[in-house]
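For reference, the structure is listed below as structure tokens.
The values are calculated or read from the model by the stated rules, or taken from the named source; none is laboratory data. Every value quoted in this text rests on a predicted model; they were computed, and no experiment measured them. Backbone-built Cβ (ideal geometry, glycine too); neighbour counts: all protein chains shown.
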Amino acid sequence: MRKLVAVKPREAAIKEYEDRPVQSNEVRVKVEFASPKHGTELADFRGTTPFIDGKFDDEWKIFVERDPEEPRGIEFGDLPLGNMFVGTVTEAGADVTEFAVGDRVCSYGPIKETQIVNAVDNYKLRKMSKEASAKNAVCYDPAQFALGAIRDANVRPGDYVVVIGLGAIGQIAAQIAVKLGAGTVIAIDPIEHRREIAGKNGVHYVLDNTACDAGYEIKRLTDKLGADVIIETSGNMYALQSALKGLAYGGTIAYAAFAKPFPAGLWLGQEAHYNYGKIIFSRACSEPNPEYPRWNRKRIENVVWDMLMNGYLNCEDIIYPVISFEESAEGFCKYVDRCPEQSIKLGITFEA
């Protein structure tokens, strides 16, 4: 069996592995389709994540340094790459009752030819029909953060909504805003292909932030009022500056990006100071959810899975490009790391 790993920062390779026996609570899955993340996973791949030498202390709710004797948060050499997979169950343990050989499933996991997954009381292992879209299924993860940002920002029918950054999370957030009946939805990204996909899925206006003053254009397109809600997924300092400029008085920015340290230049003494804006740092997997106990991550996951499987969301064009597993080492380096402008969310196919 073979898998995709990071052997060193910014270098991927396909390696062989031995599959272990399946335990009584597990299933073995032959993978047909998989996809990586393009945000937090890229920080791992580049070796820039704060989790290498730091960790989040759940008691203090702050990042702290790892003790010298602790393992690092990221260890290269055999570091798995990948986030979601779709495949068929080929073996089931004795205690598994909800899944059977032949079932088509989706779950979290790295990019590899087989997966062994807990199949007892595991709602994250999702059963899907033979006809269901694998491209929609592997958007299960970004859809959660898109829905979380939409809910955190309280998007309502008639609102002026802006989505900055048209990766998978931004594309899905824009689709949801349109379907909720937002009065105007504006999508902003410097990459033409991403803007085209957003427009195809119902966004009213698309802006190239490298060719205009995006904050000013938001105000112009909303008759000087500004956006009620801005969902920021890019993590770029200039995007946040544009969001503060384009935000309506008392409006909300749902900051869904996992940003890197900003350089000097962010100016909070202009529109941010005058317009009484709110920034919510949105993360669908942080518990308790702001609407706990009615909402938690499990409910968010259940909702987006239904959206993906019943056709409410369309992710066919978001998974782009699609390459073979044989090309995955070079393809990951190219489309996720070196040339992200040539992709939205990379798809990887396996031989039948």
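Summary table
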item: Pairs with Cβ under 6 Å, 6+ apart, first in the range 193-218 and closer than 19 Å to TYR238 by Cβ, second modelled with pLDDT of 95 or more and surrounded by fewer than 19 Cβ atoms within 10 Å (Cβ to Cβ); result: VAL206/GLY199; ASP208/PRO190; ASN209/PRO190; THR210/PRO190
item: Filtered residues of the range 246-270 (kept if of a type outside the set (Phe, Trp, Tyr), surrounded by 11 or more Cβ atoms within 10 Å (Cβ to Cβ) and farther than 21 Å from ASN154 by Cβ); result: ALA259, LYS260, LEU266, GLN270
item: Selection from the range 214-258 of residues that are more than 30 Å from THR48 (Cα to Cα) and part of a loop (DSSP other than H, G, I, E, B); result: THR222, ASP223, LYS224, LEU225, GLY226
item: Considering residues of the range 303-352 that are touching a residue at least 60 places away in the same chain (Cβ under 8 Å) and of a type in the set (Phe, Trp, Tyr) only, the residue surrounded by the fewest Cβ atoms within 10 Å (Cβ to Cβ); result: TYR312
item: Those residues of the range 261-279 which are touching a residue at least 24 places away in the same chain (Cβ under 8 Å) and of a type outside the set (A, V, I, L, M), in sequence order; result: PHE262, PRO263, GLY265, TRP267, GLN270, GLU271, ASN275, TYR276, GLY277, LYS278
item: Scope the range 115-145; condition surrounded by fewer than 20 Cβ atoms within 10 Å (Cβ to Cβ) and over 24 Å from GLY170 (Cβ atoms); matching residues; result: ILE116, ASN118, VAL120, ASP121, ASN122, TYR123, LYS127, MET128, SER129, LYS130, GLU131
item: Test: residue in the range 296-311 that is touching an Asp or Glu at 6+ places or on another chain (Cβ under 7 Å) and either at pLDDT 95 or above or farther than 14 Å from PRO36 by Cβ (or both); result: yes
item: Sole exception among (1) in contact (Cβ under 8 Å) with a residue 40 or more places away in the chain; (2) crowded, with 20+ Cβ neighbours inside 10 Å; (3) more than 19 Å from LEU247 (Cβ to Cβ); (4) in contact with a strand residue (DSSP E or B) (Cβ under 6 Å, 6 or more places away or on another chain) for CYS106, by number; result: (1)
item: Options ARG10, ARG2; residue that is on the phi > 0 side of the Ramachandran plot and touching a residue at least 24 places away in the same chain (Cβ under 8 Å); result: ARG10
item: Subset tally (residues that are farther than 11 Å from VAL163 by Cα and in contact with a helix residue (DSSP H, G or I) (Cβ under 6 Å, 6 or more places away or on another chain)) for the range 202-216; result: 3
item: From the options PHE99, PHE63, PHE51, PHE85, residue that is surrounded by 12 or more Cβ atoms within 10 Å (Cβ to Cβ), in contact (Cβ under 8 Å) with a residue 60 or more places away in the chain and either within 30 Å of ILE169 (Cβ to Cβ) or within 26 Å of the chain's Cα centre (by Cα) (or both); result: PHE99
item: Of all residues in the range 157-184 being part of a loop (DSSP other than H, G, I, E, B) and free of Cβ contacts under 8 Å to residues at least 60 places away in the same chain, the one that is surrounded by the fewest Cβ atoms within 10 Å (Cβ to Cβ); result: PRO157
item: The range 185-233: number of residues that are among the aliphatic types (A, V, I, L, M) and surrounded by fewer than 21 Cβ atoms within 10 Å (Cβ to Cβ); result: 5
item: Entirely in the range 259-340, the helices (runs of 4 or more DSSP H) that have 3 or more residues that are more than 16 Å from the chain's Cα centre (by Cα) and small (Gly, Ala, Ser); result: 328-331
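Okay, residues lined up against (1) touching a helix residue (DSSP H, G or I) at 6+ places or on another chain (Cβ under 6 Å); (2) under 21 Å from ILE344 (Cβ atoms); (3) in the same structural domain as GLY148 (by TED's automatic domain parsing):
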residue: ILE230; (1), (2), (3): yes, yes, yes
residue: GLN270; (1), (2), (3): no, no, yes
residue: TYR274; (1), (2), (3): no, no, yes
residue: PRO288; (1), (2), (3): no, no, no
residue: ARG294; (1), (2), (3): no, no, no
residue: VAL303; (1), (2), (3): no, no, no
